[in-house]
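Here the structure comes first, spelled out in structure tokens, and everything after it is commentary.
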């Protein structure tokens with residue numbers, strides 16, 4: 001597995017990854033719009049992410065197979081606010097690669113970027129109580145739930161779920 005910054009040339013690989021794992025992801029997170037699942041939709045998504053990366057507010061990463069031919073996961077350091085030292089992490093690992101430690105490796109990479117490249121002091125993550133795997137990964141990395149933060153409500157498979165804030169002080 002390799003981990004690198006998202007590139008404009010990733011359209012075909014990213015679309016294949018998202019289509020292959022769509023139903024898996026939609027069991028755990030809010031569904032993407034149908035228009036996303038086209039070459040133009042993914043190209044637009046990548047262009048938006050790379051523009052935010054250039055602005056310093058997002059660092060989008062992909063996990064690839066050893067030979068680089070396929071994307072097997074994504075990891076993003078987003079909502080980067082250097083003036084307040086805060087950012088947010090998120091990741092998604094393909095179904096076939098789940099439970100192989102890739103989520104932990106991706107989070108470790110994001111935490112390193114947050115410390116070294118962006119000098120952040122606090123990382124946030126939002127997860128639902130139903131996403132036990134992500135909760136374990138976050139807690140193992142030193143994140144804890146902020147009991148005072150109001151939950152965000154998201155739709156997962158037509159059911160409302162409250163996502164809770166987890167924080168880590170770097």
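Overview of values
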quantity	calculated
Extreme residue, surrounded by the fewest Cβ atoms within 10 Å (Cβ to Cβ), among residues of the range 105-135 that are at pLDDT below 95 and part of a helix (DSSP H, G or I)	132
Subset of the range 11-24 [within 22 Å of residue 59 (Cα to Cα), surrounded by fewer than 19 Cβ atoms within 10 Å (Cβ to Cβ) and touching a residue at least 40 places away in the same chain (Cβ under 8 Å)]	16
Residue identified as touching a helix residue (DSSP H, G or I) at 6+ places or on another chain (Cβ under 9 Å), within 23 Å of residue 88 (Cα to Cα), free of Cβ contacts under 8 Å to residues at least 12 places away in the same chain and loosely packed, with under 12 Cβ neighbours inside 10 Å among 8, 33, 54	33
Criterion: part of a helix (DSSP H, G or I) and modelled with pLDDT under 95 - qualifying residue of 96, 51	96
Selected residue (criterion: nearest to the chain's Cα centre (by Cα)) from residues of the range 19-38 that are closer than 15 Å to residue 98 by Cα and outside any loop (DSSP other than H, G, I, E, B)	25
Considering residues of the range 67-90 that are touching a strand residue (DSSP E or B) at 6+ places or on another chain (Cβ under 7 Å) and assigned to a loop (DSSP other than H, G, I, E, B) only, the residue farthest from residue 127 (Cα to Cα)	68
Selection from the range 54-66 of residues that are assigned to a loop (DSSP other than H, G, I, E, B) and either closer than 21 Å to residue 120 by Cα or modelled with pLDDT of 95 or more (or both)	56, 57
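Listed here are the residues, each with its yes/no results for (1) more than 30 Å from residue 145 (Cα to Cα); (2) crowded, with 19+ Cβ neighbours inside 10 Å; (3) more than 14 Å from the chain's Cα centre (by Cα).
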position	(1), (2), (3)
40	yes, no, yes
67	yes, no, yes
70	yes, no, yes
74	no, yes, no
80	no, yes, no
84	no, no, yes
88	no, yes, no
102	no, yes, no
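The values are calculated or read from the model by the stated rules, or taken from the named source; none is laboratory data. Everything numeric in this text was worked out from a predicted model, so none of it was measured. Glycine also receives a Cβ, built like all others from the backbone with ideal geometry; neighbour counts cover every protein chain displayed.
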